[in-house]
Amino acid sequence: MSTSKPEIRSPNPLPEKLAPLERLVRDTICILDVRAPVEFERGAFPNSINLPILNDEERAEVGTTFKNEGQEAAIATGHRLVSGNTRTHRVAAWRSVHNKHPNMQIMCWRGGLRSKTAQAWMLEEGFSVDRIEGGYKALRRLALTALDWFAEDRSWWVVGGRTGVGKTRLIKDFTHAIDLEGHARHRGSAFGATPLPQPAQATFENTLACAALELTGHHLIVEDEGRTIGRLGLPPSWHERMQVAPLVVLEASLEERVANIVHEYVAEPLAQETPAAELQERYRNALDRITK
C-alpha cells in the first residue's frame, strides 16, 4: 500500500444541473428511446429500451426529404411511412413497455418532433408518458458533466496487483466501488475479451456516470487500469484522478493466482455455455497478437 493518504471529506451536494439525470437513476426510470437503431448503437443510457418511431431506412428517407424539400415535406413523409398497421404495431409495443414500467419516460435525439409525435400517439391510445426535455443530447451532456464532477468531488482509492490476485472480486465486495471492467465488458488484458461485445464509447461513459450517481458515500474505489479497457477509453478526468489516488496493491501466491485465472478465464466462460472450441480460438488469437 502506498504511504500517501486520501483526503477524507464529505461529498458536496450534487449540482442542481445534474438533478434530471440523478432522478432517472434514483427512481430507476425506464427510458423509451424512440431514436433509430443506428443512433441507439452509437450511445445509450442504462435502463433504456429502443423501440424507434422511425427505423434506420425510414429515418434516412425522411432525412433525404428534409434536405431536398424542407421540413413540412419531411414530416409528411414520416407520417406516410409510419401509418396504418405500422403505426398500430409501434404504439402497441410502446404500450407493452408502459404496462411493465408505468414510470417510463420517452426521448428522442433532442426531445423534439419524434418524441412529441410518439407522446401524442400514445395519448390518443389512452396512456400518458412524460417526455425527457432535451432528449438524449441533453442527458449526454449531463453525463459528461457528472463524470468530471465525480473526478473532483470524491476521495478515490485505486486497487492494483498482478493478474489473478482477485482485484475484480474485491471491488465487487464494496458498495462504494465501480467495476470499470464489468461496465466495459472486458478484463483489460490481451486475453480480456468476453463473449459479449463491448458497448459504444458513449454508452460506456453514460453507464459510468449513472453508476457514480448511485453512490452516496465520500469514497470511490476502482481497479487500476490503463487509459483503455479493450477498445474503450476511460474518461480523461477519471484516468487523471486515478494517477494521483492512493494505490492499494493486492498480493497472492502463484498457486492462488493460477486458480483464480483458471476460474475467471476458463471455468466461468464454460459455465456460461461458451463453446470450448470458441474459447480456445479466442485465446489463440490473443497469443498471436502478443507474439512479438
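Is it the case, given these coordinates, that Glu214 is within 15 Å of Glu181 (Cβ to Cβ) and open to solvent by 40 Å² or more (accessible area, probe 1.4 Å)?
For Glu214, the condition - within 15 Å of Glu181 (Cβ to Cβ) and open to solvent by 40 Å² or more (accessible area, probe 1.4 Å) - is not met.
Would you point out the residue of region 167-184, among those that are over 19 Å from the mean Cα position of the chain (by Cα) and closer than 23 Å to Pro197 by Cα, that is least open to solvent (accessible area, probe 1.4 Å)?
Lys167
Would you mind stating whether Glu133 is without any contact (Cβ under 8 Å) to a residue 60 or more places away in the chain, of a type in the set (Asp, Glu) and at negative phi?
No; evaluated as a whole, the condition is false for this residue.
Would you mind finding the one in Glu22, Glu7, Glu16 that is open to solvent by 100 Å² or more (accessible area, probe 1.4 Å), over 18 Å from Gln119 (Cβ atoms), modelled with pLDDT of 85 or more and not hydroxyl-bearing (Ser, Thr, Tyr)?
Sole residue among the options that is open to solvent by 100 Å² or more (accessible area, probe 1.4 Å), over 18 Å from Gln119 (Cβ atoms), modelled with pLDDT of 85 or more and not hydroxyl-bearing (Ser, Thr, Tyr): Glu16.
Out of all the residues in region 140-166, which are open to solvent by less than 30 Å² (accessible area, probe 1.4 Å) and basic (Lys, Arg)?
Arg154
Would region 183-202 turn up any residue that is out of contact with any Leu (no Cβ under 9 Å at 6 or more places or on another chain) and either at pLDDT 95 or above or assigned to a strand (DSSP E or B) (or both)?
yes
Could you grab me the full set of residues in region 241-277 that are loosely packed, with under 12 Cβ neighbours inside 10 Å and touching a residue at least 24 places away in the same chain (Cβ under 8 Å)?
Glu251, Gln272
Of the residues Met107, Met122, which is of a type outside the set (Gly, Ala, Ser) and in contact (Cβ under 8 Å) with a residue 40 or more places away in the chain?
Met107
Being part of a loop (DSSP other than H, G, I, E, B), within 22 Å of Asn55 (Cα to Cα), open to solvent by less than 80 Å² (accessible area, probe 1.4 Å) and out of contact with any strand residue (DSSP E or B) (no Cβ under 8 Å at 6 or more places or on another chain), is that true of even one residue in region 122-138?
Within region 122-138, one or more residues are part of a loop (DSSP other than H, G, I, E, B), within 22 Å of Asn55 (Cα to Cα), open to solvent by less than 80 Å² (accessible area, probe 1.4 Å) and out of contact with any strand residue (DSSP E or B) (no Cβ under 8 Å at 6 or more places or on another chain).
Please list, ordered by residue number, the helices (runs of 4 or more DSSP H) wholly in region 7-113 having 1 or more residues that are among the polar types (S, T, N, Q).
Because the criterion is at least 1 residues that are among the polar types (S, T, N, Q), the helices (runs of 4 or more DSSP H) in region 7-113 that meet it are 56-69, 71-81, 84-100.
Anything in region 203-243 that is out of contact with any Leu (no Cβ under 6 Å at 6 or more places or on another chain) and closer than 19 Å to Tyr136 by Cα? List them, or say none.
Thr203, Glu205, Asn206, Thr207, Leu208, Cys210, Ala211, Ala212, Leu213
Yes or no, residue by residue, for (1) of a type outside the set (Asp, Glu); (2) modelled with pLDDT of 90 or more; (3) touching a helix residue (DSSP H, G or I) at 6+ places or on another chain (Cβ under 8 Å):
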{"residue": "Glu205", "(1), (2), (3)": "no, yes, yes"}
{"residue": "Ala209", "(1), (2), (3)": "yes, yes, yes"}
{"residue": "Glu225", "(1), (2), (3)": "no, yes, yes"}
{"residue": "Val248", "(1), (2), (3)": "yes, yes, no"}
{"residue": "Leu254", "(1), (2), (3)": "yes, yes, no"}
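Taking region 60-80, which residues are open to solvent by 40 Å² or more (accessible area, probe 1.4 Å) and either modelled with pLDDT of 95 or more or more than 16 Å from Cys108 (Cα to Cα) (or both)?
Answer for region 60-80, where residues must be open to solvent by 40 Å² or more (accessible area, probe 1.4 Å) and either modelled with pLDDT of 95 or more or more than 16 Å from Cys108 (Cα to Cα) (or both): Ala60, Glu61, Thr64, Phe66, Lys67, Asn68, Glu69, Gln71, Glu72, Ala76, His79, Arg80.
The values are calculated or read from the model by the stated rules, or taken from the named source; none is laboratory data. Quick caveat, the model's predicted, so the values are computed rather than measured. FYI the Cβ positions are ideal-geometry reconstructions off the backbone, even for glycines, and counts take in every protein chain you see. SASA here: full protein model, heavy atoms, side chains in, ligands and nucleic acids out. Shrake-Rupley method; radii C 1.70, N 1.55, O 1.52, S 1.80 Å.
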